[in-house]
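The values are calculated or read from the model by the stated rules, or taken from the named source; none is laboratory data. Being a predicted model, the structure only gives us computed values, none of them experimental. Ideal geometry is used to build each Cβ from the backbone, glycine not excepted, and the neighbour counts take in all protein chains shown. Only protein heavy atoms, including side chains, enter the accessible area calculation; ligands, DNA and RNA are left aside. Shrake-Rupley method; radii C 1.70, N 1.55, O 1.52, S 1.80 Å.
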Amino acid sequence: MGTVAVTGSASGLGAAVSAHLEGQADAVIGVDLHRAEVIADLSDDDGRDAALAGILDIANGVLDGLVVAAGLGPHLTDRAAIVSVNFFGAVALLDGLRDALAAGTDPAAVAIASNSATVDPSVNAALVEACLAGDETHARSQASVLPGNTVYASSKLALARAVRRRAQSWGDVGVRLNAVAPGPVETPLLQASRDDPELGPLVDALPIPLGRTATAGEIADTILFLLSPAAGYVHGSVLFADGGSDALLRPDTP
Ligand code: NAI
């Protein structure tokens, strides 16, 4: 699978993806706040620029895969940071690495959205629009007065739409781009939400037809499928890997 960059590689889904890529990819370039090949803070422009420079330097300007998994959970009290990392950090890495991917072999990128984008009724349309307009200052100020789960779900809906809106421009340069929308996955992020007195009951109230949460390993398998030639005609899609919750709550969509 050539050279693959993975953000959020130090924990949870990013760590599981990195582990699954060992032996399948020639090189994995992890990006995180710590314990990574590229140490960078994706919450602001300087950190995003440092991440891009670090990845491009190690990859010699050519990437074959990219997974943007770095993210912050709804439990975080700094709501502005949620939107900065989950949306603006993810999109900056996608856009900043598109040309390097276009130079790669069978290139593909995967963003980690969430089924909260469709199953959480509190999504805030104005916040989604501010994200998609690229107005980080406005999005951060809106986020700072909204509940954590609303900011989280809105950041993930915006990210899923950003992926879909890029189908033509990425298709033009031969790079497949998709999102995966997991339901609850057993990682430190989910545990932090469970431990939160307000969010904890919401986590366990979500109906899941398969009757269980996911392991990070099984979501990593889904992400590796999207990166692989086996998904060669899958592009611009949001793949729900959520045990059936989205189907249960929105059976007639599409
Ligand atoms: P996690 O907390 O285990 O890992 C997230 C990683 O992102 C950490 O290593 C952290 O250091 C890194 N990160 C956070 N802020 C960063 C920043 N400013 N700059 C660079 N790296 C930063 O969380 P998990 O669960 O593995 O989440 C991965 C992605 O999956 C996130 O985007 C999350 O929103 C998404 N997701 C997770 C679900 C779950 O139930 N665990 C469900 C749906 C989506």
Heavy atoms of HIS20 accessible to a 1.4 Å probe, total area in Å² rounded to 10 = 60
Taking amide H positions as placed in the peptide plane 1.01 Å from N, state which residues far from LEU177 in sequence (5 or more) or on other chains have amide H under 5 Å from it.
-> ALA109, GLY236
Please give the per residue accessible area of the chain, computed with a probe of 1.4 Å over protein heavy atoms only, in Å².
-> 42
For segment 3-243, alpha-carbon Rg relative to the globular expectation (2.2 N^0.38 Å, N residues) = 0.93
Please list, in chain and number order, the residues 5+ apart from VAL185 or on another chain whose amide H is under 5 Å from its amide H, with Hs placed from the backbone.
-> ALA214
Of the listed peptides 155-163, 184-192, what is their order by residue-averaged count of other C-beta atoms within 10 Å, with the highest listed first?
-> 155-163, 184-192
Mean-position separation - Cα centroids, segment 1-62 and segment 194-254, in angstrom | 23
For segment 3-243, with all protein chains present and a 1.4 Å probe, just round the carbon and sulfur fraction of the accessible area to a whole percent.
-> 53
In sequence order, calculated HN-Hα J values of segment 19-33 (Karplus, 6.51, -1.76, 1.60; Hz; x Gly/Pro) = 5, 5, 6, 4, x, 9, 9, 5, 8, 10, 10, x, 10, 6, 6
Counting Lys +1, Arg +1, Asp -1, Glu -1, what net charge surrounds VAL175 among other residues with beta carbon under 11 Å of its beta carbon?
-> -1
Using a 1.4 Å probe, how large is the accessible area of ARG194, given in Å² and rounded to the nearest 10?
-> 70
The chain, relative contact order [Cα under 8 Å, separation at least 6], % = 21
Counting only residues 5 or more places away or on other chains, whose amide H sits under 5 Å from the amide H of SER122 once H atoms are built in the peptide plane?
-> none
